[in-house]
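Visitor: What follows is a structure written as structure tokens; I'll ask about it next.
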Amino acid sequence: MTNIVITGNEEITHRIKELLKNIVNLNTDTFSKDINFEKVLWVTPLSILPLAANITKKMNENPKLNIIYPAPSGRYFESYLKSIKFPKGLDQYLFNQDSTYIPILHLNLQNKEQKNVAEIAINKYVSFLKNILKDQDFKENIENAIGYVIHEIIDNVFHHSTSQSFWILAQYWKSKKQIEICLLDEGNGFKKAYQNAETPINPKDDIEAIKYALNSTSSKQSYIDSERRYGIRTSLKLITESELNG
């Protein structure tokens with residue numbers, strides 16, 4: 001049995017460590033037929049979407065894989081996971097306009113036709129996110145900033161990462177006036193992108209590769225071109241140096 005633990009601690013470093021531990025457990029217990037969520041107290045897009053992608057892959061390999069939900073206190077949690085279409089998600093834009101969350105959107109990017117469908121779905125997704133923010137009296141520049149960041153990430157996935165699929169999940173908490181959006185792909189990271197460039201750069205790890213991208217370490221022949229680096233820096237500033245308060 002694979003045990004998933006999510007404590008509900010809101011501190012970002014703790015959440016990332018918790019997520020990584022859960023992913024390691026999923027990848028280590030290769031012969032387990034049960035995934036146990038009984039120790040899950042609360043979920044956010046960051047804590048659950050990477051697990052959804054991982055579990056979906058395992059379910060495709062083993063259709064008999066079983067998810068154990070907490071009971072009876074966990075009925076709300078089980079209901080929430082079902083409402084966000086956990087784990088496999090939707091392959092098209094379809095959700096309740098009055099909701100404060102948007103279900104998991106799982107898009108196949110393996111051919112041009114599917115990419116066109118994906119781009120349409122993403123545009124509708126971003127429009128709905130902006131509507132949520134508008135209804136909650138967020139300023140217009142915040143709506144535009146979120147739209148820019150999401151489109152920048154998606155453009156990278158579609159044109160650079162070589163990923164075959166793309167995932168997105170969003171949740172708005174009215175009482176906290178917070179929105180969390182998690183986007184996920186399964187393609188090349190920055191390190192591999194630099195290594196595959198026409199003029200290769202060999203960062204020692206992913207952290208160093210990301211620093212290269214943020215610090216404009218590149219060349220005209222590099223996979224990470226000047227336009228892409230501009231998008232990375234702009235996205236970072238929009239998230240950390242504006243009213244997004246990221």
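Visitor: Taking the condition at pLDDT 90 or above and among the polar types (S, T, N, Q), does residue 62 pass?
Guide: The answer is no for residue 62.
Visitor: Considering only segment 17-58, state which residues are without any contact (Cβ under 8 Å) to a residue 24 or more places away in the chain and either hydrophobic (A, V, I, L, M, F, W, C) or part of a loop (DSSP other than H, G, I, E, B) (or both).
Guide: Those that are without any contact (Cβ under 8 Å) to a residue 24 or more places away in the chain and either hydrophobic (A, V, I, L, M, F, W, C) or part of a loop (DSSP other than H, G, I, E, B) (or both): 20, 24, 30, 31.
The values are calculated or read from the model by the stated rules, or taken from the named source; none is laboratory data. Computed from a prediction, not measured in an experiment: that's the story for all the values here. Note: ideal-geometry Cβ built from the backbone for every residue, glycine included; neighbour counts use all protein chains shown.
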